[in-house]
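Enquirer: I am attaching a structure below and will ask some questions about it afterwards.
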Amino acid sequence: MTSLAQMVQLRLSGMAGSPRQLAVSRLAAMLGRTDLPSRSELTALRPATRVLILGFAAWIGLVGVMTLSAVISLELSTVTAPTWFGSRSPAAKASDARAAAGFENIVQRPLFSRNRQGFVAAEPAAAPPPPMATLDSGMTLKGVFMSDGVAKAFLITTQNPLGVWVQVNGQIDGWRVAAVTPEHVVLEGQSEKLTVPLHASGR
């Protein structure tokens, strides 16, 4: 049992030390050595060479930190906060407002317009009221048909010069046939009344 615990402890200590040893061995391999230079080797170098090596190492470390921070910021920029996390920060709202204002300027001054003025839709003009139809009073009654409760009048008008048969309550040129008798026909329209005798025209 004791040997098993010692084995686990040795394995864990080896795992803890292995990343550091791996990094040291890779760094030494980059320098073309099997291991890193010792302190005595560094102190044996000239001061200018020592400063140059330390500056180079600091520069490599700074580049590594900047690269890591750029990767982290890029990853975080693609992540959107959930709605339950809270409202957006005032800086983000201000940035959105500035972007919207910039787009509004583009809409107001379009690139492909000759005078760079936005299109303004004209107010639709109100449709004029339909003109009042003028009633044709120059009608001629050329015939009357009355049989079994059906009464028709044969009328000739300006729009119907060949004539047309119209029943009681029928429409012709804006007039309504109100009554048909053997002697005349009575027409009504627009609060007017017109009586047309047979074979004649007039009021």
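Every number in this text was worked out from the coordinates using simple rules, so none of it is lab data. Bear in mind that the values here come from a model prediction, so they are computed numbers and not experimental data. Note that each Cβ is placed from the backbone with ideal geometry, even for glycine, and that neighbours are counted across all protein chains shown.
Enquirer: When you have a sec, figure out the Kirkwood radius of segment 143-203 from all distinct Cα pair distances and drop it here in Å to one decimal?
Expert: It is 11.5 Å.
Enquirer: Let me ask something else about it. Would you tally the net charge around Arg26, using a Cβ to Cβ cut-off of less than 12 Å, leaving Arg26 out, and scoring K and R as +1, D and E as -1?
Expert: +1
Enquirer: For a quick protection proxy, order the peptides 141-153, 174-186, 62-74 by their average other-Cβ count within 10 Å, most packed first.
Expert: The densest-packed peptide leads the list: 174-186, 141-153, 62-74.
Enquirer: Also: Just want to confirm a number: the relative contact order over segment 137-186, from Cα pairs under 8 angstrom separated by 6+ residues, in percent.
Expert: Relative contact order of segment 137-186: 28 percent.
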